[in-house]
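First up is the structure itself, then whatever we jot down about it.
All of the numbers you see were taken from the coordinates with simple rules; none came from a lab. From a predicted model like this one, the values you see are computed outputs, not experimental measurements. Cβ: placed from backbone, ideal geometry, glycine included. Neighbour counts: every protein chain shown.
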Amino acid sequence: MFISTFQISYWVRISFEMLQNTHVAISDTELVTEDMKIRIESKLYGSVTRDLFEFWKLWVGPNVDGLLKTKDVRSLFNAMKLFPSQSQVYEMIQCARDRDRNHGKCIGPHRKCSESCMRPVDDSEDYLTFGEFCVLATELRKYSGKELCRPRPVSRRNDRHEKWVERKLKNSCKYQIFLGGSCNPTTWREEIAIPFLKQNKITYYNPQVNRWGPELIELEHQAKTTATVLLFVMDKHTRSVASMIEAAHSSAKHKKLILVVTPFEKGQEILEERITDRELDDLRTSRMVLQDLAERRSIPVFDDLDKALRSAHQILERNINSMDLTLEDGAKPVRHGHIPLAEKLIQIRDVFESLDTNGTRKLTLNEAFMAFKTCENPDVQYDEFLEILSGKSLSDLSKDWNVISERREGLIQFDQLCVVLAEKSGSRMESKRNVELVLEKITSVFSPLGKVLEWMTGSNRPRGVSRSSSQISGEIPPCESKDVYLGGSCGSSTWREDIAIPLLKKNGLSYYAPQTAKWSRRFIPSESRHMDSCRILLFAITKETRSMAAMCMAAHYIALGCQVVLCVQYLEDDCEIMGEKLSKLAIQDYNRGRAYLSDLANRERIPVFDNVEEAVLKVTQVATKSKR
């Protein structure tokens, strides 16, 4: 039978209209097949989430509803060649779980709590779900392999003092390793470190001597400044207050730092003095903050001295930096430790809860699509969303029309929404990588054209050329800029409310007060972003608190060359902190740390006061002058 061109065009047009009508029917109604319902419950929506599930099974088992315990999170990411810091993992866990504990209300960084009443760290009941893991793994993969510039603190000064110091010490004796950290009564240097170094013919400087004199201060400073590798060991037999401040300062300046931190134990004794639970909690917090500061600079932290010594040897032999150490070297590598990964989870949770108006913890298909659009892309089509959920194209869905039934009740839980978003984000990254691979092949054939394409696409960019600050900030949105960061003592100290905030308000200056919620005791990335967005950093180390963590942070940001103002008050004889009387030895240790911080600040021309009001007035003077 002969079919005319007119008939063919007619049937093509009719078929197209039928397809369009099917498109409208699927897009404008909430229709679910039984296959789709089973697939949604399985939480495996494509190649991305199936790949993630293969890793998930190794630690949790073949169950998408299983739970990934806190202790396994970092190991699982490391197996995927992803290297978050410990504070990033901690932030992930707490942002994921705090809302669950309070039925959707986040207590996180919004509830105040004194630093001394914080409960000991106990994450045995904390976990990540499969959906949360998928979102976080996808976020980590987004930055994997990229050379992102760390954010430059707004408070950073332009200062040539450090270069002058380097020139002055150029002709000093140069040791390969400086043995810093805990001193008397520790024996780790003589018993472990020095025999290893002698065996491997590595020169070292040992600051722990039998006879100490003031003339050794300058010699020690020169040895530390010129050494190739700095090894700092914080053991559990001393408070190591000054050593922690010294290590925090060095972590911001030295790319070849090896840091060993041994955790304190309950019932700990220091020089035959039993440590109270509150002091133990403060000691633990300060060491966690020290670890966070180092890992934020991609410096791995060790808990085993033997591994640390072998890694130091590797740095010297291969002429690499600490951040180049790998799992094979016995290190716990960190990549992009400054990125607030958990903010993605917070964003998804907020969108989910805004649409879950009935509090059922489930969204209908249409509500889930609205959440998908909000978190992913406002231009995304409903058909694309359905294809991810069903694993079928639009045309295949239309064939199942006879088994489709309407379903208006909640279907999509928070965890399932997380998996859908991870699948979409991961697929987009895979497509981008495929394009980059094609470009690499083209550039290898056409090298002159390749150089132009490399420059235009940003791939294989020459080392001397970095992306503009606007491009970098596009990856990690900056916080709102503030004039002053109010760092320093927390707990029973009320200097912020009584003195600093009224004076700043009177002078029309904005400020950011650090959060002291119990789960924010670590220096988490979201907190550090706020700190980096302030123009002046004020640290008040008052006599009402031990303030070890605050002193470490002050030393670190002084080393970064930031605009810092210090107030340092020494602990008085027979002083009490939170109702506990301190021993003479404890007072001596904490005051030694204060003296070291003050000396360090003086060397780097940082103003130091012993009165909070005078320090705040100095801050207002500097901030007001810089605004003109």
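Tabulated data
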| item | result |
| --- | --- |
| Nitroxide proxy distance, nm - points 7 Å out along Cα→Cβ at Asp304 and Lys584 | 4.2 nm |
| Potential lengthening between Arg50 and Cys149 on full extension [0.36 nm per residue; Cα-Cα distance subtracted] | 32.4 nm |
| Burial ordering of Trp59, Trp188, fewest other beta-carbon atoms within 10 Å first | Trp59, Trp188 |
| Rounded Å value of the spacing that divides the Cα centres of the stretch 609-624 and the stretch 284-316 | 35 Å |
| Ranked by how many other beta carbons lie within 10 Å on average, peptides 62-69, 329-336 from highest | 329-336, 62-69 |
| Local electrostatic count, Tyr570, Cβ distance below 11 Å [Lys/Arg +1, Asp/Glu -1] | 0 |
| Two-site FRET efficiency, Arg592 against Gln621, from Cβ-Cβ distance with R₀ of 45 Å, rounded to 0.05 | 0.90 |
| Greater than 32 Å apart at Cα, pairs in Lys43/Lys432; Lys256/Lys584; Lys69/Lys362; Lys584/Lys625; Lys142/Lys174 | Lys256/Lys584; Lys584/Lys625; Lys142/Lys174 |
| Under-5 Å amide H pairs with Tyr45, H placed in peptide plane, nonlocal only | Arg50 |
| Three-way shape call for the stretch 207-329 based on the alpha-carbon gyration tensor, with the a/c threshold at 1.5 | oblate |
| Ordering of 254-261, 584-591 by burial proxy (mean other Cβ atoms within 10 Å per residue, highest first) | 254-261, 584-591 |
| Label-point separation, Lys255 to Ala79 (7 Å along Cα→Cβ), nm | 3.4 nm |
| Relative contact order of the stretch 482-627, defined on C-alpha pairs under 8 angstrom at six or more residues apart (%) | 30 percent |
| Gained length - Glu317 relative to Glu384, 0.36 nm times residue gap less alpha-carbon distance | 18.8 nm |
| FRET E, pair Asn63, Ser431, Förster distance 25 Å, beta-carbon r, rounded to 0.05 | 0.25 |
| Estimated FRET transfer efficiency when R0 is 56 angstrom, pair Glu572-Thr374 (beta carbons, to 0.05) | 0.50 |
| Radius of gyration and Dmax over the Cα atoms of the stretch 482-627, both given in Å | 14.8, 46 |
